[in-house]
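K.L.:
Quick one: the structure is below, and I'll ask about it shortly.
The values are calculated or read from the model by the stated rules, or taken from the named source; none is laboratory data. It should be emphasised that the depicted structure is a prediction, and the values quoted were computed from it without experimental measurement. Note that we place each Cβ from the backbone using ideal geometry, even for glycine, and neighbour counts take in every protein chain shown. For accessibility, only protein heavy atoms count, side chains too; no ligands or nucleic acids. Shrake-Rupley method; radii C 1.70, N 1.55, O 1.52, S 1.80 Å.
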Amino acid sequence: MPFTFKKLKILDVVLVEAKSFEDKRGYFLENYNELIFRENGISTKFIQENFSYSKKNVLRGLHFQKNPHAQAKLVTVFSGKIFDVAVDLRKNSSTYGKWVGEILSDQNHKSLYIPEGFAHGFCVLSEEALVFYKINQEYSPEHQSGIIWNDSELNISWPISQPILSEQDQILPLFKNTVY
């Protein structure tokens with residue numbers, strides 16, 4: 001099988017590892033296959049693909065879209081290395097307010113599947129990173145929201161201490177003031 005699927009501490013968040021086929025030219029891998037993903041419990045229909053370029057110590061997030069435009073994501077790194085985080089915003093979930101984080105890189109060929117109902121963010125650990133997202137809903141500016149990256153209630157163990165943030169990300173609300 002070209003993929004390994006691993007459920008994380010928050011069971012609905014899945015770490016997907018693609019098998020690469022390497023030789024002297026480089027490598028080839030399959031990043032997504034709808035049938036295989038569905039057979040492994042990920043039946044999300046992706047409708048849009050996004051791409052971001054970031055420099056070392058950039059932190060993007062924690063972002064989410066409110067219902068009815070909540071987004072599921074499949075996050076993959078094409079070049080570089082990031083620490084990728086998902087925070088559970090589902091009030092009826094036993095893991096509400098909990099987070100999981102994984103290292104994704106062009107070397108480990110791992111992707112993170114984040115279902116609807118989660119805030120998402122990442123920080124760049126390499127000199128640069130090219131990050132690719134598949135999403136299941138179009139972006140809706142009026143439904144965009146987020147949580148401040150260093151919220152003490154969430155207590156995320158970011159591997160960087162002085163992140164480079166956008167102006168928007170510097171003023172995001174605390175988790176306790178977030179409406180999903």
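K.L.:
Out of all the residues in segment 90-97, is one or more over 22 Å from I47 (Cα atoms) and under 10 Å from the mean Cα position of the chain (by Cα)? First the steps, then the outcome.
P.N.:
Initially, segment 90-97 is screened for residues over 22 Å from I47 (Cα atoms), giving 90-97.
The next check asks that each one be under 10 Å from the mean Cα position of the chain (by Cα); those that pass are none.
Checked against the condition, which is being over 22 Å from I47 (Cα atoms) and under 10 Å from the mean Cα position of the chain (by Cα), segment 90-97 yields no hits at all.
K.L.:
Also, quick follow-up: Tally up the residues in segment 64-105 that are among the polar types (S, T, N, Q), in a strand (DSSP E or B) and without any contact (Cβ under 8 Å) to a residue 40 or more places away in the chain, please.
P.N.:
Narrowing segment 64-105 to residues among the polar types (S, T, N, Q): 65, 67, 71, 76, 79, 92-95, 105.
Applying the additional criterion that residues be in a strand (DSSP E or B) yields 65, 76, 79, 105.
Filter once more, keeping what is without any contact (Cβ under 8 Å) to a residue 40 or more places away in the chain: 105.
Matching residues across segment 64-105 total 1.
K.L.:
Only residues that are within 21 Å of D84 (Cβ to Cβ) and either touching a Leu at 6+ places or on another chain (Cβ under 7 Å) or assigned to a helix (DSSP H, G or I) (or both): list them for segment 15-35, please.
P.N.:
If the condition is that a residue be within 21 Å of D84 (Cβ to Cβ) and either touching a Leu at 6+ places or on another chain (Cβ under 7 Å) or assigned to a helix (DSSP H, G or I) (or both), then L15, A18, K19, S20, Y32 are the ones that fit.
K.L.:
Now for a separate question. Filter segment 14-45 down to residues that are open to solvent by 40 Å² or more (accessible area, probe 1.4 Å), among the aliphatic types (A, V, I, L, M) and in contact (Cβ under 8 Å) with a residue 12 or more places away in the chain, then give me how many there are. If you could, list the steps in order and put the result at the bottom.
P.N.:
Let us first name the residues in segment 14-45 that are open to solvent by 40 Å² or more (accessible area, probe 1.4 Å), namely 17, 19, 21-25, 27-30, 32-35, 38-41, 43, 45.
Still in the list and also among the aliphatic types (A, V, I, L, M): 29, 35.
Pick out the ones that are also in contact (Cβ under 8 Å) with a residue 12 or more places away in the chain and you get 29.
Qualifying residue count for the region: 1.
K.L.:
Going by the structure shown, is V85 buried (at least 16 other Cβ atoms within 10 Å of the Cβ), over 24 Å from L154 (Cα atoms) and aliphatic (A, V, I, L, M)?
P.N.:
On the way: buried (at least 16 other Cβ atoms within 10 Å of the Cβ): yes; over 24 Å from L154 (Cα atoms): no; aliphatic (A, V, I, L, M): yes.
Spelling it out, it is not the case that V85 is buried (at least 16 other Cβ atoms within 10 Å of the Cβ), over 24 Å from L154 (Cα atoms) and aliphatic (A, V, I, L, M).
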